[in-house]
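Contents: one structure, followed by commentary.
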Amino acid sequence: MEPLITMKNVSKVYETKAGPIHALRGVDLTVNEGEFVAIVGPSGSGKSTLINVITGIDTPTDGEIVVGGQRLNDMNQDDIATWRSKNVGVVFQFFQLLPTLTVHDNVIVPMQYANTHRGERGERALAMLRLVGAEHVADQYPAQISGGDRQRAAIARALVNDPVALVGDEPTGNLDPESAEKIIQLFEELVDAGKTIVLVTHDRALAGRLPRVEEVRGGSLVAEEDIDERLLVR
Ligand SMILES: Nc1ncnc2c1ncn2[C@@H]1O[C@H](COP(=O)(O)OP(=O)(O)OP(=O)(O)O)[C@@H](O)[C@H]1O
Ligand SMILES: [Mg+2]
């Protein structure tokens with residue numbers, strides 16, 4: 001298996017009025033093609049920061065990040081945005097749907113960056129919404145729909161360009177157990193078909209069923225033998 005995501009000695013320091021906050025401290029992480037990895041850890045431990053730096057949404061203070069052969073450190077924000085739209089689907093912790101666009105149009109946006117043929121965009125967006133069970137809210141605006149439907153819409157948007165990797169920050173956190181199960185099964189099918197998925201979760205049952213779990217504690221990754229088993233149900 002080839003490494004798809006490599007983090008070498010990555011640190012992230014947020015400078016605040018109250019002083020520096022060390023959100024990540026020298027993180028080394030390799031995720032191979034086709035892996036399905038859960039990231040667990042307490043609130044404030046650095047999980048979202050880790051997701052944000054591997055997707056190029058945030059830049060590390062120190063260290064190197066290579067994703068799919070691209071060294072993100074060398075790229076500017078525009079290039080990273082274009083690269084991300086084609087290669088990495090992201091489901092954000094708070095969805096980040098565009099409020100002025102319908103759900104259908106939100107799912108179309110990434111295809112505009114990827115130069116998908118105009119005539120294909122509408123149907124493909126609908127097909128993705130159907131796949132995640134959000135077809136019924138296609139013509140509504142994000143503010144009009146439930147948290148669960150926003151989450152489904154965000155997942156459809158993340159998958160619509162058929163990225164090699166899907167990175168999610170609590171992508172099932174707002175779904176009822178039955179809907180969450182459907183989405184996890186979809187993710188498992190995607191992994192079986194060759195995709196790589198990294199997701200942050202507080203769901204102990206979900207973490208416990210994934211083949212690989214990494215725990216972030218105080219900005220560092222915990223060694224496998226030290227992972228807090230209370231964070232998972234096996
Ligand atoms: N933009 C920012 N500016 C300043 N501090 C930040 C910023 N983003 C995150 N932090 C701080 O960095 C640390 C790690 O935050 P992060 O959001 O990565 O945690 P998390 O593990 O995702 O938490 P949660 O489970 O609550 O989502 C926290 O102390 C947080 O307050
Ligand atoms: Mg977070």
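Taken over the range 20-44, the criterion of being over 21 Å from G63 (Cβ atoms) and either among the hydroxyl-bearing types (S, T, Y) or more than 8 Å from ligand 1 (Cβ to nearest atom) (or both) is satisfied by E33, G34, F36, A38, V40, S43. When the criteria are applied in full, R118 meets the requirement of being surrounded by fewer than 18 Cβ atoms within 10 Å (Cβ to Cβ) and of a type in the set (K, R). Filtering the range 52-63 down to residues that are free of Cβ contacts under 8 Å to residues at least 40 places away in the same chain and open to solvent by less than 50 Å² (accessible area, probe 1.4 Å), which residue is nearest to ligand 2 (Cβ to nearest atom)? The qualifying residue nearest to ligand 2 (Cβ to nearest atom) is N52.
Cβ-Cβ distance below 6 Å, separation of 6 or more or different chains: which pairs start in the range 208-225 with a residue that is surrounded by fewer than 16 Cβ atoms within 10 Å (Cβ to Cβ) and end on one that is of a type outside the set (D, E) and in a strand (DSSP E or B)? Taking only residues 6 or more apart or on different chains, the pairs are P211/F36; R212/V37. Go through the range 30-51 and give me each residue that's open to solvent by 40 Å² or more (accessible area, probe 1.4 Å) and either more than 16 Å from ligand 2 (Cβ to nearest atom) or under 18 Å from V90 (Cα atoms) (or both). Scanning the range 30-51 gives T30, N32, E33, E35. The one condition from (1) surrounded by 15 or more Cβ atoms within 10 Å (Cβ to Cβ); (2) modelled with pLDDT of 90 or more that N174 does not meet is (2).
Determine if the range 147-160 includes at least one residue that is surrounded by fewer than 15 Cβ atoms within 10 Å (Cβ to Cβ) and either touching a His at 6+ places or on another chain (Cβ under 8 Å) or closer than 26 Å to D105 by Cα (or both). It would help to see each step written out before you state the result.
Restricting attention to the range 147-160, the residues satisfying the condition of being surrounded by fewer than 15 Cβ atoms within 10 Å (Cβ to Cβ) are 147.
Filter once more, so that each one left must be either touching a His at 6+ places or on another chain (Cβ under 8 Å) or closer than 26 Å to D105 by Cα (or both): 147.
The answer is yes; a qualifying residue exists.
Taking (1) more than 19 Å from the chain's Cα centre (by Cα); (2) touching a residue at least 12 places away in the same chain (Cβ under 8 Å) in turn, K17 satisfies each apart from (2). Do we find that I145 is touching a residue at least 60 places away in the same chain (Cβ under 8 Å) and away from ligand 1 (no atom under 16 Å from the Cβ) in this structure? No; evaluated as a whole, the condition is false for this residue.
Among the residues making up the range 188-203, those that are buried (at least 16 other Cβ atoms within 10 Å of the Cβ) and either within 16 Å of ligand 2 (Cβ to nearest atom) or over 15 Å from the mean Cα position of the chain (by Cα) (or both) are V198, L199, V200, T201, D203. Scanning the range 81-88 for any residue that is within 16 Å of ligand 1 (Cβ to nearest atom), surrounded by 13 or more Cβ atoms within 10 Å (Cβ to Cβ), of a type in the set (S, T, Y) and in contact (Cβ under 8 Å) with a residue 40 or more places away in the chain turns up nothing.
Applying the selection to the range 90-101, what residues are within 15 Å of G147 (Cα to Cα) and away from ligand 1 (no atom under 16 Å from the Cβ)?
At the first step, the residues of the range 90-101 found to be within 15 Å of G147 (Cα to Cα) are 91-99.
Those that are within 15 Å of G147 (Cα to Cα) and away from ligand 1 (no atom under 16 Å from the Cβ): L97, L98, P99.
Yes/no matrix, rows are residues, columns are (1) modelled with pLDDT of 95 or more; (2) at negative phi; (3) more than 18 Å from the chain's Cα centre (by Cα); (4) aromatic (F, W, Y):
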{"position": "I5", "(1), (2), (3), (4)": "yes, yes, no, no"}
{"position": "E33", "(1), (2), (3), (4)": "yes, yes, no, no"}
{"position": "G44", "(1), (2), (3), (4)": "yes, no, no, no"}
{"position": "D79", "(1), (2), (3), (4)": "no, yes, yes, no"}
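Inspect all residues belonging to the range 64-71 and state whether any of them is free of Cβ contacts under 8 Å to residues at least 40 places away in the same chain, surrounded by fewer than 16 Cβ atoms within 10 Å (Cβ to Cβ) and within 12 Å of ligand 2 (Cβ to nearest atom). No, every residue in the range 64-71 fails to be free of Cβ contacts under 8 Å to residues at least 40 places away in the same chain, surrounded by fewer than 16 Cβ atoms within 10 Å (Cβ to Cβ) and within 12 Å of ligand 2 (Cβ to nearest atom).
Among the residues in the range 160-174, are any more than 16 Å from ligand 1 (Cβ to nearest atom), free of Cβ contacts under 8 Å to residues at least 60 places away in the same chain and out of contact with any strand residue (DSSP E or B) (no Cβ under 9 Å at 6 or more places or on another chain)? The answer is no; no qualifying residue exists.
The values are calculated or read from the model by the stated rules, or taken from the named source; none is laboratory data. The structure presented is a predicted model; accordingly, all values stated were derived computationally and were not measured. Note that each Cβ is placed from the backbone with ideal geometry, even for glycine, and that neighbours are counted across all protein chains shown. Quick note on the areas: whole protein, heavy atoms, side chains included, nothing else; ligands and nucleic acids left out. Shrake-Rupley method; radii C 1.70, N 1.55, O 1.52, S 1.80 Å.
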